[in-house]
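**Student:** Please read through the structure below; I'll follow up with questions.
Derivation of every value follows stated rules applied to the coordinates shown; laboratory data play no part. Just so it is clear, the structure is predicted and the values come from calculations on it, not from any experiment. Neighbour counts run over all protein chains shown; Cβ positions are idealised from the backbone, glycine included.
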């Protein structure tokens, strides 16, 4: 574990940074609310982009902290799903962001980040399939058999595309966000990698982003 990941979450500077990231994550959630929905009730959630970036910087515990705080604020302000929505938000964001951050914490390089993001997407997809099977019939008041029929054609591709979109955005936004935090002396400096590698990653991330956006629009029946 690196010195950065050992940094206490309870010192003033780190708490202030986490509070700022909580605010940004909540704004990302507000932006998500204008995006088209899938199947009339499945919504994309961009706050996970900020949560996983926080996890990469400060570790899985920071990702969990922001997840709980933002989900709680969401529940008491803009959400109509109450406690069930809060629980589902915490489970989904934790499965994605904390898994990715845990992988990255063990291998703090690009390979570790990509491996972590892929593991986070797969983990969140699998867990949300289970929780949608358990909770959706109660939440929507429909027979479980109806939900079972939606697991593969609806829930599975939705969660994969949602996770892939958030993972790609995290790759694109990590460097600008962490650079800004370093300039503000809120996180310690780090050695930079090859410029050619960075350009290649940016191009690949942009291609992936466009691909996932198109898939999201197809799922939402916009195109």
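**Student:** Modelled label-to-label distance, residue 41 and residue 133, 7 Å Cα→beta-carbon offset: nm?
**Tutor:** According to this spin-label approximation, the distance is 1.8 nm.
**Student:** Give the dimensionless ratio obtained when the Cα radius of gyration of segment 1-125 is divided by 2.2 N^0.38 Å.
**Tutor:** On the way: Rg = 14.4 Å, N = 125, 2.2 N^0.38 = 13.8 Å.
So the Cα radius of gyration is 1.04 times the expected 2.2 N^0.38 Å.
**Student:** Further question: Rounding to the nearest 10 and keeping the result within 0 to 90°, find how far the Cα-based axis of helix 12-32 lies from the longest principal axis of the chain.
**Tutor:** 40
**Student:** Expressed as an acute angle from 0 to 90° and rounded to the nearest 10, what is the orientation of the C-alpha long axis of helix 60-77 relative to the principal long axis of the chain?
**Tutor:** Once rounded, one gets 50 degrees.
**Student:** Can you give me the distance in nm between label points at residue 30 and residue 180, each placed 7 Å from the Cα along the Cα-to-Cβ direction?
**Tutor:** Distance between the two pseudo-spin positions: 1.5 nm.
**Student:** What do you get for the angle between helix 195-219 and the principal long axis of the chain? Use alpha-carbon atoms, 0 to 90 degrees, nearest ten.
**Tutor:** Roughly 10 degrees, rounded to the nearest 10.
**Student:** Full-extension gain between residue 81 and residue 218, please, as 0.36 nm times their residue separation minus the C-alpha to C-alpha distance.
**Tutor:** Values: separation 137, 0.36 × 137 = 49.32 nm, distance 2.55 nm.
Answer, rounded to one decimal: 46.8 nm.
**Student:** Name the most mobile residue of 152, 70, 178, meaning the one with the largest mean-square fluctuation, in a Gaussian network model of the chain with Cα contacts below 10 Å.
**Tutor:** In the Gaussian network model the winner is 152.
**Student:** I've got another one for you. Let me have the 222 nm mean residue ellipticity of the chain computed from DSSP H runs of 4+ only, each contributing -39500 (n - 2.57), with the sum over all residues rounded to the nearest 500.
**Tutor:** Numbers: 10 runs with 166 residues, N = 223.
Estimated from H runs of four or more residues: -25000 deg cm²/dmol.
**Student:** Which one, 187, 34, 52, has the greatest fluctuation when you compute a Gaussian network model over the chain with C-alpha springs under 10 angstrom?
**Tutor:** 34
**Student:** Say we join alpha carbon atoms closer than 10 Å with springs in a Gaussian network model of the chain; which of 167, 97, 28 then has the biggest fluctuation?
**Tutor:** Of the options given, 28 has the highest mean-square fluctuation.
**Student:** Once you sort the root eigenvalues of the Cα gyration tensor of segment 59-168 as a ≥ b ≥ c, which label holds: rounded (a/c under 1.5), prolate (a/b larger than b/c) or oblate (the other case)?
**Tutor:** Numbers: a/c = 2.77, a/b = 1.42, b/c = 1.95.
Taking the square roots of the gyration eigenvalues as a ≥ b ≥ c, segment 59-168 is oblate.
**Student:** Tell me, what is the FRET efficiency for residue 16 and residue 144 to the nearest 0.05, using R0 = 41 angstrom and their Cβ-Cβ distance as r? The partial results should precede the final answer.
**Tutor:** Details: r = 46 Å, r/R0 = 1.11.
That gives a FRET efficiency of 0.35.
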